[in-house]
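Undergrad: There's a structure below that I have some questions on.
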Amino acid sequence: MSEDELKQIYLDLQTHQARLNEMQQQAEMLANALMEVQRTEEAVTHLQDGASSSLLPLGSGVHARIKVEDGERVLMNVGAGVIVEKTREEALPLLAERKNKLDEASQRIQNDMQGVIATLSELEMRGRALAANLKQ
């Protein structure tokens, strides 16, 4: 019966390790999204009529230099492929809200990861103890 328990612990370890790997990927994607929102927030804050220039990504690492004609208004994706025009003053709180939601999601995933790590540690200790008993 102890061998069956050891096999089950091994399977549980694999399952939890796969879950941890997936959570780490999610945490990385959240961190990247958070950095993008922060850069966007900074860019929107510094927009000025006519005086600002920017790089427009065309794809495959190619960009075009553009001049911002209306630095007071931006176009925002508000979900479901809907893009609306907003003033900078309207856009900044929406970006701050996105940033807060990403921060909250990141914190939740970090907490969940700590729980999975604790479970992995416990399973590993149980497995080692059981393996030691089987050797005797």
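Values in this text are rule-based calculations from the coordinates and carry no lab data. This structure is a prediction, so every number in the text was calculated from the model and none was measured. Note that we place each Cβ from the backbone using ideal geometry, even for glycine, and neighbour counts take in every protein chain shown.
Undergrad: Filter segment 74-87 down to residues that are more than 23 Å from the chain's Cα centre (by Cα) and surrounded by 15 or more Cβ atoms within 10 Å (Cβ to Cβ) and give me whichever is nearest to GLN38 (Cα to Cα).
TA: VAL74
Undergrad: Does VAL116 count as within 19 Å of LEU30 (Cα to Cα), among the hydrophobic types (A, V, I, L, M, F, W, C) and exposed (fewer than 13 other Cβ atoms within 10 Å of the Cβ)?
TA: Criteria not met by VAL116.
Undergrad: Another question, if that's okay. Search segment 105-123 for residues that are under 29 Å from MET35 (Cα atoms) and in contact (Cβ under 8 Å) with a residue 24 or more places away in the chain and pair each with any residue that is surrounded by fewer than 16 Cβ atoms within 10 Å (Cβ to Cβ) and small (Gly, Ala, Ser) when their beta-carbon atoms are under 7 Å apart and the residues are at least 6 apart or on different chains.
TA: Between residues of segment 105-123 that are under 29 Å from MET35 (Cα atoms) and in contact (Cβ under 8 Å) with a residue 24 or more places away in the chain and residues that are surrounded by fewer than 16 Cβ atoms within 10 Å (Cβ to Cβ) and small (Gly, Ala, Ser), the close pairs are SER106/ALA31.
Undergrad: So, in segment 93-136, how many residues would count as being in contact with a Lys or Arg (Cβ under 9 Å, 6 or more places away or on another chain) and within 30 Å of ASP70 (Cβ to Cβ)?
TA: Of the residues in segment 93-136, 1 are in contact with a Lys or Arg (Cβ under 9 Å, 6 or more places away or on another chain) and within 30 Å of ASP70 (Cβ to Cβ).
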